[in-house]
Structures are given as C-alpha cells and as structure tokens.
Amino acid sequence: MTSRLGLLAVLTVVGAGWGLTTPLSKIAVSEGYQPFGLIFWQLVIAGLLLSAFNAWRGRGLPRAGGDLRFFLVIALSGTVIPNSASFAAAVHLPAGVIAILISTVPMFAFPIAIGLRIDRFGLVRLAGLMAGLAGVVLMVAPRASLPDPGMIAFVPLALVAPFFYAVEGNIVSKWGTRGMDAIQVLSGASLVGAMIALPLALLSGQWISPLPPWGAPDAALLASSVIHAVVYASYVWLVGQAGAVFAAQVAYLVTAFGVTWSMTLLGESYSRYVWAAFGVLMAGLFLVQPRPGIRLAPLSVVREDDKDKSKGGGPV
C-alpha cells in the first residue's frame, strides 16, 4: 500500500504540473497564436496520448449515440469553451492572476450544485463563497491592483474558465459518466473536441501549421499538452488510492504553483492587492470545499467505483 508520504509526493507533483500549464499558456499566446488553433493541437496531443494509454490497458472507447453526446458536452464545457476564454485572457492578463482566478471553481460549483439539488446549503460554505467574491473584488477594484488598470476588463473573461469547469464538474456529479472511467472520458472528449476545434480553427483563420520552424510557443503548447495528459492520469490514480477528498486538495497546489511558476519563468510580480486576493481566495476555497462528487480540476471525472474506494479507508 502506498504510504501517506508517497501520496503527498504525488499530490505535489500533480499540483506542480498543472500549475506549470498556466505560464506555458501565456508563452503559447506570446507570439500571436490564437485560441482555436491552440485548442485543436492541445486536444489532439492529449487525445492521442490518453488513447494510447487506453489501448495499452485494453480499454476502448464506447461509440453509442449517448456516449458521443456525453463526450460532446464534456468537450465543450471542460475544454473548448473554457480554454478559448483562458487563452484569450492570457494575452492580456499576467499568468499568475489567471492562476489565482482559477481557484474560484468551487465558488461557482457550490451555487450550481444547490440549483441542481446535488448539494445542500450551509453557512460555512456560503462564507467561502463570499470570501471568493471578496477576493475577486480585491483583484479588480483598486486601481493599483493590476499592472495596467485596463486589464480589469479582461478579468471577467478569465472567470469564464472556472465557471465552465464548475458546470462540467456538476454535470458529472449529477448524471455520472455512463459507466466509463475518467481516462476513457477524457480521451473521448479530447478526440471529439478536436473535431470541433478543427473547423473553428480553419474557418476563423487561427490554424497553426505543425511544420517548422518551431519556436517557444510551439514548445509551450507541446509541453502543456503532455503535462496535462500525464498529471491527469496521475490524478485519477491518486483518487483511487487516497480518495476524492484527499485528491481535491490539489486545487490549492495548482494555484500556488501557478503563481510560483509564473514568477519564476515569466518574471511576473504582483501588487499587495493581488497577494491579498490570493489569500482571501485560498481561505474561501478552504471554506467552500465541495464533497467528493464535485471536481476541482478541468475534466476531473471519477468513476462511481473510484468514489466507493475513497470511502473505504484511504487517507482523507
């Protein structure tokens, strides 16, 4: 059985990997690449890697009409729409600010879950939601909070991604994954999403040629796609070993590492208002922590039998 120290090490690596994708996204858009072209190649790379992993373990993808519709919903709510907004926001906002705003996922997830009647109202959780709102206000209200006051206009765009991640997580919690495990869902959604992103990239003029010469944006796109596939598979393994509540703590690490990586790789620095917003949002995240059925990370879907395992004595 994996030791708690080993599980913490895996949790840390997953958080560091996911956090690294935030500044990599900033680098990917640094020389003019547009969202649909980036999303297409991101989904192709991740889809191929995860499909190969599925084939290695002897699991294919269901092809029933209902399964394809499910892949479509997950692809749109978990990748195509939120990533389009994130890449667009990354052109204008510091990567660290985007990493901090990603922590609002559970703040969006909580009221959606209540509306879908899959969670119950609680004063502590409400306090967490209010803290999340206060953190966003701290981010945008003071004129000295962001390097350029004009950046404030793009903060709502950066919040589109956590909102749709919350929608995706609630969809999975409410209706399940049609008997598929998380890797099957992510690989299927990646391939369906790529088929959606391809015509969008071509028709909008955002196509990215895979031919050389390659530069830093191409390397960043490749690295972020591979990292996402690897850390996602590791996250799913962690859920099975330690339970969904333990694994959900990766949300804190994704934000903290996202800020740290952005400072290290991009030389970003932040005002005291941004740091205050970071602290308030982390407090809100702690208070509003959802039950195991709600996901904190993009496309974080867990099988029912995985959730059953998490109730059976794993560290939480």
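The values are calculated or read from the model by the stated rules, or taken from the named source; none is laboratory data. Note that the structure is a prediction, hence the values are computed from the model and not measured. Here Cβ is always computed from backbone atoms with ideal geometry, including for glycine, and neighbour counts include all displayed protein chains. Just so you know, the surface numbers come from the protein's heavy atoms only, side chains and all, with ligands and any DNA or RNA stripped out. Shrake-Rupley method; radii C 1.70, N 1.55, O 1.52, S 1.80 Å.
Values as computed for the structure displayed
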read-out	value
List His92, His228, ordered by accessible area with a 1.4 Å probe, largest first	His92, His228
Percent RCO, i.e. relative contact order, over the chain, from Cα pairs under 8 Å lying at least 6 residues apart	40 percent
Directionally averaged projected area (convex hull, Cα atoms, the chain), nm²	16.2 nm²
Spin-label pair Leu8/Ser269, simplified geometry with 7 Å Cα→Cβ offset, distance in nm	3.3 nm
Choice from Trp56, Trp207, Trp237 with maximal GNM fluctuation in the chain (Cα, 10 Å cutoff)	Trp56
Rounded, prolate or oblate (a/c below 1.5 giving rounded, otherwise prolate when a/b exceeds b/c) for the stretch 126-174 by Cα gyration tensor	oblate
Per residue accessible area of the chain, 1.4 Å probe, in Å²	43 Å²
Selected from Phe36, Tyr252, Ser190, residue furthest toward positive end of dipole (the chain; charges at beta carbon)	Tyr252
